[in-house]
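The values are calculated or read from the model by the stated rules, or taken from the named source; none is laboratory data. What you see is a predicted model, and the numbers here were worked out from it, not measured in a lab. Positions of Cβ are generated from backbone atoms using ideal geometry, with glycine treated the same way; all protein chains shown enter the neighbour counts. Heavy atoms of the whole protein, side chains included, go into the accessibility calculation; ligands, DNA and RNA do not. Shrake-Rupley method; radii C 1.70, N 1.55, O 1.52, S 1.80 Å.
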Amino acid sequence: MLAAHDGDAKPLAGGQSLVPMMAFRVALPRLLVDLRKIPDLRNVGISDDGVRLGAMVRWRDILEDARLAQANPLLVAAVAHVGHYQIRNRGTVGGSLAHADPAAEMPGIAVTCDAEITAIGRAGMRVINAADFFVGALTTTLKPDEIITEIRFPPWLANRRYAFQEFALRRGDFAMSGVALYYDPHRNGEAANAHVGVIGVADRPLRLGAVEAVLNGRVVDGPTIAAAAEAASSAVNPRDDIHASAAYRRSLTGTMVERALQNAAG
Ligand SMILES: Cc1cc2nc3c(=O)[nH]c(=O)nc-3n(C[C@H](O)[C@H](O)[C@H](O)COP(=O)(O)OP(=O)(O)OC[C@H]3O[C@@H](n4cnc5c(N)ncnc54)[C@H](O)[C@@H]3O)c2cc1C
């Protein structure tokens, strides 16, 4: 149906972004294709290969699945910040990825964790690295005839240190800045394999390679945390907007990195 209507039809998942967009006449699809009728899109898979979440898995499904708290605790920590109770009951993984809000948690976690997104359409199935999927605010590489079917997260190591921190004006609002990070400590305490991602400060979620470079090979103590926070503030280049100045968001990002690292190290 999506292919037949060539750009004039849109998949409907939880409706928590699409319906507001339609109410504001920002989206004007002629046809909605309801994905709730496809039960396979609701699957949650956990194995040695990592975690697979079907596109129609809801935020609430993630928060209530005790296996996921073991299999990818960073994911669960981030999803706890999504919206309000009602939105978590309906909003979905695939809807969030396709909507691509620059401040949304799931796209940020996908980029931070090197996740892969699978999509299917007229030309068949393809797998897209999350890092290549988001191309700008509310813009992805998805084609109009494609739907996301699932997201795959690589395996999570047992002694991994991680944290998610975000700041929003009110509980449940989109983040003004949010940070997801993890690293795998060596036996002598030095961080390795650091992954640091940020939301809310650019037109898409970003990895902060400069902060990862500060962390890798160093013990995550006070001086390292201070250096990482400073690197984070310098690495982002947000714009002034109605909520905050660019300088405020830059500073906030450093603070989020500092708090996240204190949590992770503690
Ligand atoms: C008041 C409020 C507060 C919110 N706060 C947050 C927040 O703090 N953090 C956050 O991340 N989100 C927040 N959201 C958004 C919420 O999480 C949405 O549910 C989510 O972004 C979109 O998911 P959905 O299932 O509702 O998708 P829909 O609204 O149904 O769809 C969104 C877009 O994705 C497309 N789409 C849906 N599923 C697929 C698919 N499988 N393949 C291809 N395209 C698809 C649709 O065509 C549409 O373009 C908030 C929403 C509201 C109304």
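Annotation: Arg90 fulfils all but one of (1) of a type in the set (D, E, K, R); (2) open to solvent by less than 70 Å² (accessible area, probe 1.4 Å); (3) near the ligand (Cβ under 10 Å from one of its atoms); the unmet one is (2).
Could you tell me how many of the residues in the stretch 202-217 are in contact with a strand residue (DSSP E or B) (Cβ under 6 Å, 6 or more places away or on another chain), surrounded by 17 or more Cβ atoms within 10 Å (Cβ to Cβ) and without any contact (Cβ under 8 Å) to a residue 60 or more places away in the chain?
Residues flagged as in contact with a strand residue (DSSP E or B) (Cβ under 6 Å, 6 or more places away or on another chain), surrounded by 17 or more Cβ atoms within 10 Å (Cβ to Cβ) and without any contact (Cβ under 8 Å) to a residue 60 or more places away in the chain within the stretch 202-217 amount to 4.
Output the residues belonging to the stretch 93-115 that are of a type in the set (Ser, Thr, Tyr) and either near the ligand (Cβ under 8 Å from one of its atoms) or surrounded by fewer than 20 Cβ atoms within 10 Å (Cβ to Cβ) (or both). If you could, list the steps in order and put the result at the bottom.
Residues of the stretch 93-115 that are of a type in the set (Ser, Thr, Tyr), as a first pass: 96, 112.
The one that is of a type in the set (Ser, Thr, Tyr) and either near the ligand (Cβ under 8 Å from one of its atoms) or surrounded by fewer than 20 Cβ atoms within 10 Å (Cβ to Cβ) (or both): Ser96.
Across the stretch 43-60, the qualifying residues are those that are touching a residue at least 12 places away in the same chain (Cβ under 8 Å) and open to solvent by 50 Å² or more (accessible area, probe 1.4 Å), and the one among them that is nearest to the ligand (Cβ to nearest atom) is Arg58.
Identify, from the list Pro144, Pro154, the residue that is open to solvent by 60 Å² or more (accessible area, probe 1.4 Å) and in contact with a strand residue (DSSP E or B) (Cβ under 9 Å, 6 or more places away or on another chain). Write out each step before concluding.
Numbers: Pro154 fails: open to solvent by 60 Å² or more (accessible area, probe 1.4 Å).
Of the residues listed, the single one that is open to solvent by 60 Å² or more (accessible area, probe 1.4 Å) and in contact with a strand residue (DSSP E or B) (Cβ under 9 Å, 6 or more places away or on another chain) is Pro144.
The sole residue among Gly136, Gly172 that is open to solvent by less than 40 Å² (accessible area, probe 1.4 Å), farther than 18 Å from Val257 by Cα and more than 13 Å from the ligand (Cβ to nearest atom) is Gly136.
Scanning the stretch 1-43 for residues that are under 19 Å from Arg90 (Cα atoms), in contact with a helix residue (DSSP H, G or I) (Cβ under 7 Å, 6 or more places away or on another chain) and either of a type in the set (Gly, Ala, Ser) or not in a loop (DSSP other than H, G, I, E, B) (or both) returns Lys10, Pro11, Leu12, Ala13, Gly14, Gly15, Ser17, Leu35, Leu41. Note on the stretch 61-87: among residues that are among the polar types (S, T, N, Q) and assigned to a helix (DSSP H, G or I), the one that is least open to solvent (accessible area, probe 1.4 Å) is Gln86. Gly7 meets all of the listed conditions (1) buried (at least 19 other Cβ atoms within 10 Å of the Cβ); (2) over 30 Å from Pro155 (Cβ atoms) but one, namely (1).
Remark: pairs (first residue in the stretch 118-145, more than 28 Å from Val201 (Cβ to Cβ); second residue open to solvent by 80 Å² or more (accessible area, probe 1.4 Å) and among the acidic types (Asp, Glu); Cβ separation under 7 Å; 6+ apart in sequence or on different chains) = Pro144/Asp6.
Cβ-Cβ contacts under 6 Å between residues 6 or more apart (or on different chains), taken from a first residue in the stretch 95-108 that is assigned to a loop (DSSP other than H, G, I, E, B) to a second residue that is at pLDDT 95 or above and near the ligand (Cβ under 6 Å from one of its atoms), are listed as Ala104/Ser96.
Touching a residue at least 24 places away in the same chain (Cβ under 8 Å), open to solvent by 30 Å² or more (accessible area, probe 1.4 Å), over 20 Å from Ala265 (Cβ atoms) and more than 16 Å from the ligand (Cβ to nearest atom): does that describe Pro185? Quick ask: steps written out before the conclusion?
Numbers: touching a residue at least 24 places away in the same chain (Cβ under 8 Å): yes; open to solvent by 30 Å² or more (accessible area, probe 1.4 Å): yes; over 20 Å from Ala265 (Cβ atoms): no; more than 16 Å from the ligand (Cβ to nearest atom): yes.
No: the conditions fail for Pro185.
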